[in-house]
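The values are calculated or read from the model by the stated rules, or taken from the named source; none is laboratory data. Predicted, not measured: the structure shown is a model, and the values here were computed from it. No Cβ is skipped: glycine too gets one built from the backbone with ideal geometry, and neighbour counts run over all protein chains shown. In case anyone asks, the SASA skips ligands and DNA or RNA and just uses the protein heavy atoms, side chains included. Shrake-Rupley method; radii C 1.70, N 1.55, O 1.52, S 1.80 Å.
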Amino acid sequence: FFFLATAAEGNTDCSFKGGAPGFVRVKDSGTLIFPDYDGNRMYKSLGNILVNPNVGLLFMKFGAEEGQGALFLRVRVNGEATIHDDHPALGDYPGANRIVEVAVNHIYPNCPRYVPEMELVSPSRHIPEDGKAQPVPAWKEIPPIAELL
């Protein structure tokens, strides 16, 4: 998982982005790609990217590698994003609506000093899988919201 920071017209936004291990991929030496999955349909991240392509990604890994003690990995990536409705990698991501490409400008580590020790208990049951229906989030079944979707 990672956190995606975007900004447009004075409005800033930070969103959590998650998926199966490897859902963020290195396309080439200067480009990352990741899928856009169904969310809350507010389109804040993608809407901001359409106005201002500058993005910041913060990757964090918690947990321990066997025999290694606690492992904390925190990496920042800054770059310019483009949104692709018809990308060659789209078929590699079941359930993805589009692909976001990030032309990387800077990659650097970030001090983990204040990051708490945590571990993954289980992955989200909402991560799309090929041939498997995604469960509907409970909030999408609330009558006033369900009527809008």
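Based on DSSP loop calls and a cut-off of at most 16 other Cβ atoms within 10 Å, the longest stretch of the chain free of exposed GluC sites (Glu not before Pro) is what? Walk me through the intermediate numbers first.
Numbers: sites that count: Glu9, Glu66, Glu117, Glu119.
Answer - 10-65.
Ignoring any ligand, DNA or RNA, what whole percent of the accessible area of the chain comes from carbon and sulfur when the probe is 1.4 angstrom?
Accessible surface attributable to carbon and sulfur in the chain totals 54 percent.
Calculate, for region 104-149, the solvent-accessible area per residue in square angstrom, rolling a 1.4 angstrom probe over the heavy atoms of the protein chains. Show your work: numbers first, answer last.
Values: 4120 Å² over 46 residues.
Each residue of region 104-149 exposes 90 Å² on average to a 1.4 Å probe.
For each pair in Lys61/Lys140; Lys17/Lys44; Lys44/Lys132; Lys17/Lys132, compute the distance between the two Cα atoms and list the pairs where it is over 24 Å.
Details: Lys61/Lys140 29 Å; Lys17/Lys44 13 Å; Lys44/Lys132 27 Å; Lys17/Lys132 20 Å.
Table pairs above 24 Å Cα-Cα are Lys61/Lys140; Lys44/Lys132.
Which is the longest run of the chain containing none of the trypsin sites (Lys or Arg not before Pro) found in DSSP loop states (not H, G, I, E, B) with at most 10 other C-beta atoms within 10 Å? Mind showing how you got there, number by number?
Details: sites that count: Arg41, Arg113, Arg125.
Of all site-free stretches, the longest is 42-112.
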